[in-house]
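A.B. asks: Have a look at this one before I ask anything.
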Amino acid sequence: MASEKVETVIAGNYLEMEREEGDSKSAKSKFSKFFWHGGSVCDAWFSCASNQVAQVLLTLPYSFSQLGLLSGILFQLFYGLMGSWTAYLISVLYVEYRTRKEREKVDFRNHVIQWFEVLDGLLGKHWRNVGLFFNCTFLLFGSVIQLIACASNIYYINDSLDKRTWTYIFGACCATTVFIPSFHNYRIWSFLGLMMTSYTAWYLTIASLIHGQIEGVKHSGPTTMVLYFTGATNILYTFGGHAVTVEIMHAMWKPQKFKLIYLIATLYVLTLTLPSASAVYWAFGDFLLTHSNALSLLPRNGYRDTAVVLMLIHQFITFGFACTPLYFVWEKFIGIHYTKSVFKRALARLPVVIPIWFLAIIFPFFGPINSTVGSLLVSFTVYIIPSLAHMVTFSSASARENAVERPPPFLGGWAGSYCVNFFVVVWVFVVGFGFGGWASMLNFIRQIDSFGLFTKCYQCPPHKA
């Protein structure tokens, strides 16, 4: 067996560690490397884009019915740009942290760096604890949402079982993600996932245009403040998928090349979300207010069933994306993160899936739960904390002078980046967390009052006798 060879490369001020996975020329080794061992810029782009546009694609028309068409489009563009900026900040802080540590001869070859460790290394334990709480809680509920979406979607091609039963089944299926070691190993899954959501997005667009507007369609949104800010926070959630940015970067062979990847991924995602949400809203209007899953309104045929199946597979992939950082945290907590046995790590990870399964059964509110998570968790996890962390990390003149990555000149250097960060913090805290939290919690409570906890089949049409 060929021994592993480690090559140390200097890239600017950044010490980069790359692994050569042996020198085997066998067909099996080449096949495994092609499908299993990702780490390129393209792999990172597929991971970012695939993770960003998941089940939320099906709820954006619902958000448009709450916001109205113009506000829906503007919020997508605005939060897409804001999300790209804060993803860039996270990448800058990751490179800064890793560079400092590798100058101290710290070796990360068998260790996956995570966001809370970046905060700990740059700003101390209090920042680490806050980051760990928000990041883990968001990823926990992000996994819950994917599980709820699986049950919601499969019901539209097989209603012989209620959605709660489907949640049990898909919970067991998604638990198999414990066998995927890290983000290196999502190469083929990220590619397939993005192809699947691309198909679904264009299916929604074309099918809605062919279907045409329903009789008496109305486009009255926005009608209330609660609905308006609920819809806005769902879009905040849509472009807040960069809670796994650090793990995706760490899986890259050259992490310093990440800087613009999230922005390019967002631009592609907008080509999917804007046409599909606009077309479905044009066709069904206010009827979407009581149908949070866009697939429920389109007539059943082979194209729709294909979209459902593809989204189910993609939600399994996105469940893995959201859960894998939680697996890493749990592994570090119980002390097996450095274990090489995939089977031992898989067994140790299983307890992470249980609370996700349980929460998906308690709160099966597909759609409203997105807005609640967006306002209360995403707002801090991927917008407020990264912006504040960047400002505090580089608050001293010496830190700015020795920074590995300097702000883009077109923004006005450090002063411009501080102004942008301050705007992000204030906007997201007031509009996203404040108004959004108020509106989404009211809407969420209404769902509980209307359907109850542990409801067997959320928004299911009555069965014909």
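The values are calculated or read from the model by the stated rules, or taken from the named source; none is laboratory data. Model, not experiment: these values are computed from the prediction. Cβ sites come from the backbone with ideal geometry, for glycine too, and all protein chains shown count toward neighbours. Side chains are part of the model used for accessible areas, which takes the heavy atoms of the whole protein and leaves out ligands, DNA and RNA. Shrake-Rupley method; radii C 1.70, N 1.55, O 1.52, S 1.80 Å.
A.B. asks: Quick test for you: out of Ser160, Ser91, Ser143, pick the one residue that is of a type in the set (Gly, Ala, Ser) and in contact with a Pro (Cβ under 9 Å, 6 or more places away or on another chain).
C.D. replies: Within the list Ser160, Ser91, Ser143, the selection yields Ser91.
A.B. asks: In the range 185-270, which helices (runs of 4 or more DSSP H) lie fully inside it and hold 1 or more residues that are touching a helix residue (DSSP H, G or I) at 6+ places or on another chain (Cβ under 7 Å) and either open to solvent by 70 Å² or more (accessible area, probe 1.4 Å) or without any contact (Cβ under 8 Å) to a residue 12 or more places away in the chain (or both)?
C.D. replies: Those helices (runs of 4 or more DSSP H) span 187-211, 225-238.
A.B. asks: Sticking with this one: Could you check, for the range 279-298, whether at least one of its residues is open to solvent by 50 Å² or more (accessible area, probe 1.4 Å), closer than 25 Å to Met82 by Cβ and part of a helix (DSSP H, G or I)?
C.D. replies: No - not one qualifying residue is present in the range 279-298.
A.B. asks: Looking at the range 362-374 only, could you name the residues that are closer than 16 Å to Trp166 by Cα and open to solvent by 10 Å² or more (accessible area, probe 1.4 Å)?
C.D. replies: If the condition is that a residue be closer than 16 Å to Trp166 by Cα and open to solvent by 10 Å² or more (accessible area, probe 1.4 Å), then Ile362, Phe363, Pro364 are the ones that fit.
A.B. asks: Checking the structure you have, find out if any residue of the range 311-320 is of a type in the set (A, V, I, L, M, F, W, C), surrounded by 23 or more Cβ atoms within 10 Å (Cβ to Cβ) and closer than 29 Å to Asn110 by Cβ.
C.D. replies: Looking for residues that are of a type in the set (A, V, I, L, M, F, W, C), surrounded by 23 or more Cβ atoms within 10 Å (Cβ to Cβ) and closer than 29 Å to Asn110 by Cβ, one finds at least one in the range 311-320, hence yes.
A.B. asks: For the condition within 18 Å of Cys136 (Cβ to Cβ) and buried (at least 23 other Cβ atoms within 10 Å of the Cβ), what is the one hit in Leu377, Leu350, Leu326, Leu359?
C.D. replies: Leu377
Residue-wise test of (1) hydrophobic (A, V, I, L, M, F, W, C); (2) at pLDDT below 95.
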{"site": "Phe363", "(1), (2)": "yes, yes"}
{"site": "Thr372", "(1), (2)": "no, yes"}
{"site": "Leu376", "(1), (2)": "yes, yes"}
{"site": "Ala403", "(1), (2)": "yes, yes"}
{"site": "Gly412", "(1), (2)": "no, yes"}
{"site": "Cys419", "(1), (2)": "yes, no"}
{"site": "Ser440", "(1), (2)": "no, yes"}
{"site": "Gln447", "(1), (2)": "no, yes"}
{"site": "Tyr458", "(1), (2)": "no, yes"}
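A.B. asks: How many residues does the range 160-181 contain that are closer than 21 Å to Ser50 by Cβ and open to solvent by less than 20 Å² (accessible area, probe 1.4 Å)?
C.D. replies: 5
A.B. asks: Which condition does Thr339 not pass, out of (1) modelled with pLDDT of 90 or more; (2) of a type in the set (Ser, Thr, Tyr); (3) in contact with a Lys or Arg (Cβ under 9 Å, 6 or more places away or on another chain), if it passes all the others?
C.D. replies: (1)
A.B. asks: Can you tell me which residue among Ala294, Ala346, Ala251, Ala307 is under 20 Å from Phe64 (Cα atoms) and of a type in the set (A, V, I, L, M, F, W, C)?
C.D. replies: Residue meeting the stated conditions: Ala294.
A.B. asks: Within the bounds of the range 108-119, is there any residue that is more than 30 Å from Ala151 (Cα to Cα), open to solvent by less than 70 Å² (accessible area, probe 1.4 Å) and modelled with pLDDT under 85?
C.D. replies: Yes, because at least one residue in the range 108-119 is more than 30 Å from Ala151 (Cα to Cα), open to solvent by less than 70 Å² (accessible area, probe 1.4 Å) and modelled with pLDDT under 85.
A.B. asks: Something else now. For Arg103, work out the one condition from (1) surrounded by fewer than 18 Cβ atoms within 10 Å (Cβ to Cβ); (2) at pLDDT 95 or above it doesn't fulfil.
C.D. replies: Arg103 satisfies every listed condition except (2).
A.B. asks: Okay, next question. Condition (residue is within 24 Å of the chain's Cα centre (by Cα), surrounded by fewer than 18 Cβ atoms within 10 Å (Cβ to Cβ) and not hydroxyl-bearing (Ser, Thr, Tyr)) applied to the range 139-158: is it met by at least one residue?
C.D. replies: Looking through the range 139-158, none of the residues is within 24 Å of the chain's Cα centre (by Cα), surrounded by fewer than 18 Cβ atoms within 10 Å (Cβ to Cβ) and not hydroxyl-bearing (Ser, Thr, Tyr).
A.B. asks: Which pairs have Cβ atoms under 6 Å, sit 6 or more apart or on different chains, and link a residue in the range 154-174 that is of a type outside the set (S, T, N, Q) to one that is surrounded by fewer than 16 Cβ atoms within 10 Å (Cβ to Cβ)?
C.D. replies: Ile157/Asp305; Asp162/Lys456; Arg164/Lys456
A.B. asks: Of the residues Val420, Val404, which is touching a strand residue (DSSP E or B) at 6+ places or on another chain (Cβ under 7 Å), touching a residue at least 12 places away in the same chain (Cβ under 8 Å), open to solvent by 30 Å² or more (accessible area, probe 1.4 Å) and not hydroxyl-bearing (Ser, Thr, Tyr)?
C.D. replies: Val404
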